[in-house]
Amino acid sequence: MGDFPLLRVGILITLFAVIGLVLFTTLSDDIDEWFDFSKIEENEYRLKVDIGTDYETIKVNGHELSVEIADTSAETSRGLSGHEPLGANEGMLFLFDSNELRPFWMNKMLFDLDIIWIRDGIVVEIAKNMPAPVGLSVPATHYPKEEANMVLEINAGRADELGIKEGTEIEGLPIY
């Protein structure tokens, strides 16, 4: 019977450790969303206060599109996964600090997309009609051949409707 209080202490320590681990793993995604650690080597820190999604209006061949801005690691990782379908003149614009080859995949997508890679305001590549995954299928992925510093996602078929092709200039892009 002398070991019973020691057993209780061990159980309590284990319980607190499990609770701490659960809290840490739950909050670690939020920490990435609150702080942009990508510029630590440049001694620049940005505190991102989550007060809602930023929107911009861009222009493509005379057509205005309202685009959600994804410019943090959490936003670019999440993208449009699980997002409700876009309106005809809506999209998501991913902003990156440098030109790189940036593969995109259709993870947890609910609708098909056209994915447009942009370098310095000019369309350099388009993946048309990227299919949303069905059931447990592996999400489609496109590996671009061109480097880009921005990527635009719009409804599938919309690139053709708007006359977007390689070499098209996108107006009103945010300076990043």
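For the reader, a short list of remarks on this structure follows.
- Spin-label model, Leu15 to Glu64: label points 7 Å out along the Cα-to-beta-carbon direction sit 5.9 nm apart.
- Each peptide among 131-142, 162-173 gets the average number of other Cβ atoms lying within 10 Å of its residues, and from highest to lowest they stand as 162-173, 131-142.
- Note: relative contact order over the stretch 55-171, using C-alpha pairs below 8 Å and six or more positions apart, is 31 percent.
- Evaluated at q = 0.09, 0.12 Å⁻¹: base-10 log I(q)/I(0), Debye formula over Cα of the stretch 55-171: -0.20, -0.37
- Pairs of lysines in the stretch 55-171 (C-alpha under 17 Å apart; 8 or more residues apart or interchain): 4
- The order of the peptides 151-161, 119-129, 77-87 by mean Cβ neighbours within 10 Å, most packed first, is 151-161, 119-129, 77-87.
Laboratory data are not the source of any read-out in this text; all were calculated from the coordinates shown. In this text the structure is predicted, and so the values were computed from the model without any measurement. Because the Cβ atoms are built from the backbone with ideal geometry, glycine has one as well, and the counts that use them run over all protein chains shown.
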